[in-house]
Amino acid sequence: MPPDDRRYTDQHEWVLRTENPERVRVGITAYAAEQLGDVVYVSLPEVGQVVSAEDTFGEVESTKSVSDLFAPVSGTVAARNDELDAAPETVNDDPYGAGWMVEIVVDDAAAIDALMDAEAYAAQTA
């Protein structure tokens with residue numbers, strides 16, 4: 001079961017609210033990381049880039065394939081996990097923690113609640 005403190009997309013991204021209610025942390029799920037295999041490169045947007053829900057904002061390259069990252073919500077990138085440049089395997093090792101991708105200042109906080117909860121996401125990936 002994925003962590004129940006966050007919301008999920010059908011593209012296998014997770015969204016976690018930060019201390020700032022208008023800001024979320026985004027990453028890929030353990031299911032996605034497992035399907036990808038060993039992650040060898042992560043391409044992330046720059047701070048300040050505007051992203052739109054369901055649009056591509058980066059990519060993850062693994063030993064098996066290259067997969068797009070899709071923005072779970074619309075907003076502006078406020079932070080990116082630069083640690084992934086040197087250690088992309090962190091996405092596999094700790095997808096819900098140190099393997100986070102970006103933080104986004106959300107245009108519409110209600111969009112977060114429209115995403116799947118952990119139970120619905122677990123049912124989708126079962």
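The values are calculated or read from the model by the stated rules, or taken from the named source; none is laboratory data. This one's a predicted model, so the numbers in the text were calculated from it and none came from an experiment. FYI the Cβ positions are ideal-geometry reconstructions off the backbone, even for glycines, and counts take in every protein chain you see. Just so you know, the surface numbers come from the protein's heavy atoms only, side chains and all, with ligands and any DNA or RNA stripped out. Shrake-Rupley method; radii C 1.70, N 1.55, O 1.52, S 1.80 Å.
Assorted remarks:
- Test: residue in segment 79-86 that is assigned to a strand (DSSP E or B) and open to solvent by less than 80 Å² (accessible area, probe 1.4 Å): yes
- Scanning segment 40-57 for residues that are within 14 Å of the chain's Cα centre (by Cα), on the phi < 0 side of the Ramachandran plot and surrounded by 13 or more Cβ atoms within 10 Å (Cβ to Cβ) yields V42, S43, L44, P45, V51, S52, A53, T56, F57.
- Applying the criterion of being in a helix (DSSP H, G or I), among the hydroxyl-bearing types (S, T, Y) and at pLDDT 95 or above to the residues of segment 89-126, the residue that is nearest to G37 (Cα to Cα) is T90.
- Residues of segment 1-39 satisfying the condition of being out of contact with any Pro (no Cβ under 9 Å at 6 or more places or on another chain), crowded, with 21+ Cβ neighbours inside 10 Å and more than 16 Å from L115 (Cβ to Cβ): L36
- Residue identified as surrounded by fewer than 18 Cβ atoms within 10 Å (Cβ to Cβ) and among the small types (G, A, S) among A111, A71: A111
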